[in-house]
Number of protein chains: 2
Amino acid sequence: MTAPFDAVELIRTKRDGGRWGPAEVAWLIQAYTDGTIAEEQMSALAMAVFFRGLDAEELGGWTRAMIDSGERLDFSRLSRPTADKHSTGGVGDKITLPLVPLVAACGVAVPQLSGRGLGHTGGTLDKLEAIPGWRAALSTQEMLDQLETVGGVICAAGSGLAPADKKLYALRDVTGTVESIPLIASSIMSKKIAEGTGALVLDVKVGSGAFMKQLADARTLATTMVALGRGAGLPTVALLTDMSTPLGLTAGNGLEVAESVEVLSGGGPADVVALTLALAREMLSAAGRGDVDPEPVLASGRAMDVWRAMVGAQGGNPDAALPQARETEVVAAEADGWLAELDAMAVGVAAWRLGAGRARKEDPVQAAAGVTLGAKPGDRVRKGQPLIRLHTDTPERFARAREALVGAVRVTADPPPERPPLVIERIG
Amino acid sequence: MTAPFDAVELIRTKRDGGRWGPAEVAWLIQAYTDGTIAEEQMSALAMAVFFRGLDAEELGGWTRAMIDSGERLDFSRLSRPTADKHSTGGVGDKITLPLVPLVAACGVAVPQLSGRGLGHTGGTLDKLEAIPGWRAALSTQEMLDQLETVGGVICAAGSGLAPADKKLYALRDVTGTVESIPLIASSIMSKKIAEGTGALVLDVKVGSGAFMKQLADARTLATTMVALGRGAGLPTVALLTDMSTPLGLTAGNGLEVAESVEVLSGGGPADVVALTLALAREMLSAAGRGDVDPEPVLASGRAMDVWRAMVGAQGGNPDAALPQARETEVVAAEADGWLAELDAMAVGVAAWRLGAGRARKEDPVQAAAGVTLGAKPGDRVRKGQPLIRLHTDTPERFARAREALVGAVRVTADPPPERPPLVIERIG
């Protein structure tokens, strides 16, 4: 017995409502990373954390230990400040795509290390891979070069960042221990802190299509992450934003790229534009460039220029046509009236089932599959008007996608009450 | 996906306070046994059960599924009824040794499938193995033959009984999920029901030397096990018995065999005799032979005859001298007065450290190591009188055994209040 602590004793301490000291927390993560603590011990421990939580000191130590399990990037030699954004995931949430070039065009470099999607929310890399030729994998040096020359980069996070989190997340996924606020917060923040960004803006989604269905839970998660970031010396703010209905009019990889390009061209749905600008303002302000207004930069086309340079630098052709689905079908309005509800989760599951998302990490995704919307909640609709268009290369998927949408659309005779604001709350 | 249920969904159901249906419970145990549910999933699930519990129907199904995971013995062709006893484990608890031959001598066969010790409580097989030549492993046919000809058998439980429990117990041991009343109850009862006994008496220990320190917990465990037994058609009763101080005057393998032989010879400590008789009466009554009084049978020497036959049938020589420890040391009373307290846990740990027990399954035990007591709580003592004698073949162990005993002995100037009764409560 050369280990300084006993894994079973530490599990029991948490299980029985006790707290771990700093050396115990640091050892736990290190011992799990090197295999001294077995997977089955960590899963029992994670379940105990689900029930008992982690206090601020434990959580800070846990997050630091996850960061210390791997490498840490350093952007301090760039000629510009850096800022990044993280979204907890929503349906139709393509904001990263117009946001990164917009903030870069405003003079703040954005190192966005991103992931692939699992379940009903898409992954940013899956979306960009709909662009012919675009590649997600960059070396650290390529990323640094692109940040300096172009100002923005969206690429795959290397396996060297917070490997303890990678291992723990895979375990939590199969053991029913994902839904723990301290574990979610430390997972997100360890990766973002290790990534080396100079400032961080969190977009914490709340509503049916989000991981957090309740405002109170979303607020707790946001507050916890903001505290973790600041505790690590990283200026961090969070916006709680509505995810009761999809963002914009598209959910699906290529479809969302096309909508993002519309936004960069000065058009696009109002909610996507508004959230892109709100998050850009927060990032600029957190990076010390609150004096720059992103709205005229978007209108000027300079963000589009950065987008084209970003796509090109990673092998993509910004002028190439995006793939189109072989088949489409329409869900039409069943009555005249007002679209009172269009449920985000249902639309997300429909897009997923059409082929836009994956059920397992190994699954491929279809670049052209997904959903486009003919109306947004609050819009007037006519009987027979297409409300939802389903896109897929594999038409046998239509039936199950339609099933997901049962009850998702509500049309009322009277105008519905006003929608909640898109940005519900700011924390920071 | 051919599995009828999803392991992660079932973990979440329990985690969030829901309950499993009968088919879900049966699948869980079967899928864990065949490896469909991974160890790390079962450990998270066990931790969720620790926090959320199992209701009566879930627990009944869980226990049945553990029984169904292996073979089930059948004693219905014996010429006598059968009864068995299970103790939750205590310090100096050698009751099985005189009890089995006594009940057999009263006309009820006793198929005692037993285990080895781990930690501060000894295992019945470890004790019997102090007898030169005695062997624990019997085939099922040898066991049935011995039950018919001798009437009693104490042997190792084959690996075919409740293999799911064996697998789950090993997992719980390393994941901090041992201390869950439904999991403890189903572990004990699945083995005892699979063993095929016709009646069962549970000796649920309560106090410092027992697994259950609090009366309320011991009562809950006993009530749960009695209900499980009866639900499975097995007449079951439980006695809650005191384990705040060791049973008898010995703790250690050969030392406890010697004390058991004293009891079978008509002598022995009053508490060991009293508990042996109380449990014998319960076993006889549960097996439908409540008309037989075990006290005169013990006095007659017929129980001793059965003991000698049992030991001989398993290769042991009942007349062989038991091993004696190479070294002994004494802990003496530090003042005149009354022995008010002699802590069971401390004595158990001391015996364990002297070599009577094991810390890991692979460790050997010493046949002669252990502790003998010179006085029991309530006795008058004189300064310098030997209170505890430590026995070991490896004298370097004395120091750590003495450490365990610090604070374990309390001598008072005035007579202490009366002890709690040995049998605290009967449940059934």
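Name the residue that is surrounded by the fewest Cβ atoms within 10 Å (Cβ to Cβ), counting only residues in region B:170-205 that are closer than 15 Å to residue B:231 by Cβ and touching an Asp or Glu at 6+ places or on another chain (Cβ under 6 Å).
B:190
Give the number of residues within region B:269-285 that are small (Gly, Ala, Ser), farther than 11 Å from residue B:247 by Cα and open to solvent by 30 Å² or more (accessible area, probe 1.4 Å).
Residues flagged as small (Gly, Ala, Ser), farther than 11 Å from residue B:247 by Cα and open to solvent by 30 Å² or more (accessible area, probe 1.4 Å) within region B:269-285 amount to 1.
I'm told residue A:297 meets every condition in (1) open to solvent by less than 60 Å² (accessible area, probe 1.4 Å); (2) among the β-branched types (Val, Ile, Thr); (3) out of contact with any helix residue (DSSP H, G or I) (no Cβ under 8 Å at 6 or more places or on another chain) except one. Can you identify the failing condition by its number?
(3)
When you look at residue B:307, is it of a type in the set (Phe, Trp, Tyr), under 29 Å from residue B:418 (Cα atoms) and either at pLDDT 95 or above or buried (at least 18 other Cβ atoms within 10 Å of the Cβ) (or both), yes or no?
Details: of a type in the set (Phe, Trp, Tyr): yes; under 29 Å from residue B:418 (Cα atoms): no; either at pLDDT 95 or above or buried (at least 18 other Cβ atoms within 10 Å of the Cβ) (or both): yes.
No; evaluated as a whole, the condition is false for this residue.
With the requirement that a residue be open to solvent by 70 Å² or more (accessible area, probe 1.4 Å) and either part of a strand (DSSP E or B) or within 16 Å of residue B:189 (Cα to Cα) (or both), what does region B:206-219 give you?
B:219
One residue is enough: does region A:368-379 have a residue meeting the conditions more than 30 Å from residue A:147 (Cβ to Cβ) and among the β-branched types (Val, Ile, Thr)?
Yes, there is a match, as at least one residue in region A:368-379 is more than 30 Å from residue A:147 (Cβ to Cβ) and among the β-branched types (Val, Ile, Thr).
Residue by residue through region B:118-130, note down the ones that are in a loop (DSSP other than H, G, I, E, B) and open to solvent by 10 Å² or more (accessible area, probe 1.4 Å).
Residues satisfying the conditions are B:119, B:120, B:122, B:129.
If you take the residues of region B:188-224 that are of a type in the set (S, T, N, Q) and in contact (Cβ under 8 Å) with a residue 24 or more places away in the chain, which of them is nearest to residue B:68 (Cα to Cα)?
The residue in question is B:190.
Return the only residue of A:359, A:368, A:375 being open to solvent by less than 40 Å² (accessible area, probe 1.4 Å) and closer than 23 Å to residue A:118 by Cβ. Can you show your working first?
On the way: A:359 fails: open to solvent by less than 40 Å² (accessible area, probe 1.4 Å); A:375 fails: closer than 23 Å to residue A:118 by Cβ.
After applying the criteria, what remains is A:368.
Considering only region A:378-401, how many residues are surrounded by 14 or more Cβ atoms within 10 Å (Cβ to Cβ), assigned to a strand (DSSP E or B) and not hydroxyl-bearing (Ser, Thr, Tyr)?
Here the count works out to 7.
With open to solvent by less than 10 Å² (accessible area, probe 1.4 Å), under 27 Å from residue B:288 (Cβ atoms) and not assigned by TED's automatic domain parsing to the domain that holds residue B:355 as the only criterion, which of B:102, B:138 stands out?
Just a single option satisfies the conditions, and that option is B:102.
Mind listing whichever residues of region B:390-402 are more than 24 Å from residue B:322 (Cβ to Cβ) and either in contact with a helix residue (DSSP H, G or I) (Cβ under 6 Å, 6 or more places away or on another chain) or in contact (Cβ under 8 Å) with a residue 24 or more places away in the chain (or both)?
B:400, B:402
Taking the conditions exactly as written (within 23 Å of residue B:370 (Cα to Cα) and either at pLDDT below 95 or open to solvent by less than 20 Å² (accessible area, probe 1.4 Å) (or both)), does residue B:329 satisfy them or not?
Criteria not met by residue B:329.
What is the residue count in region B:402-428 for residues that are open to solvent by less than 60 Å² (accessible area, probe 1.4 Å) and either over 26 Å from residue B:204 (Cβ atoms) or at pLDDT 95 or above (or both)?
The number of residues fulfilling the criteria is 11.
For region B:141-163, name all the residues that are open to solvent by 20 Å² or more (accessible area, probe 1.4 Å) and among the polar types (S, T, N, Q).
Passing the criteria: B:141, B:149, B:159.
Which pairs turn up if I take residues in region B:251-262 that are of a type in the set (Asp, Glu) and look for partners that are open to solvent by less than 10 Å² (accessible area, probe 1.4 Å) and assigned to a strand (DSSP E or B) with beta carbon separation below 9 Å, at least 6 apart in sequence or on another chain?
B:256/B:370
Spot the failing condition for residue A:313; the list is (1) open to solvent by 60 Å² or more (accessible area, probe 1.4 Å); (2) touching a residue at least 24 places away in the same chain (Cβ under 8 Å); (3) in contact with a helix residue (DSSP H, G or I) (Cβ under 9 Å, 6 or more places away or on another chain); (4) not basic (Lys, Arg), and only one is missed.
Just one mismatch for residue A:313, condition (1).
Looking at region B:334-355, is at least one residue closer than 30 Å to residue B:418 by Cα, in a loop (DSSP other than H, G, I, E, B), among the hydrophobic types (A, V, I, L, M, F, W, C) and open to solvent by 10 Å² or more (accessible area, probe 1.4 Å)?
Looking for residues that are closer than 30 Å to residue B:418 by Cα, in a loop (DSSP other than H, G, I, E, B), among the hydrophobic types (A, V, I, L, M, F, W, C) and open to solvent by 10 Å² or more (accessible area, probe 1.4 Å), one finds at least one in region B:334-355, hence yes.
Just checking: which of the helices (runs of 4 or more DSSP H) contained wholly in region A:1-97 hold 1 or more residues that are more than 14 Å from chain B (Cβ to nearest Cβ)?
Working: elements: A:7-15, A:22-33, A:39-52, A:56-68.
Hits in region A:1-97: A:22-33, A:56-68.
Would you check which residues across region B:357-377 are modelled with pLDDT of 95 or more and among the small types (Gly, Ala, Ser) and list them?
The first filter runs over region B:357-377 and keeps only residues modelled with pLDDT of 95 or more, leaving B:366-377.
Once the filter is applied, which keeps residues that are modelled with pLDDT of 95 or more and among the small types (Gly, Ala, Ser), region B:357-377 yields B:367, B:368, B:369, B:370, B:374, B:375.
Determine, yes or no, whether residue A:63 is assigned by TED's automatic domain parsing to the domain that holds residue A:152, among the hydroxyl-bearing types (Ser, Thr, Tyr) and buried (at least 23 other Cβ atoms within 10 Å of the Cβ).
It is false that residue A:63 is assigned by TED's automatic domain parsing to the domain that holds residue A:152, among the hydroxyl-bearing types (Ser, Thr, Tyr) and buried (at least 23 other Cβ atoms within 10 Å of the Cβ).
The values are calculated or read from the model by the stated rules, or taken from the named source; none is laboratory data. Bear in mind the structure is a predicted one, so any value in this text is a computation, not a measurement. As a convention, Cβ positions derive from the backbone with ideal geometry for all residues, glycine included, and neighbour counts pool all protein chains shown. SASA here: full protein model, heavy atoms, side chains in, ligands and nucleic acids out. Shrake-Rupley method; radii C 1.70, N 1.55, O 1.52, S 1.80 Å.
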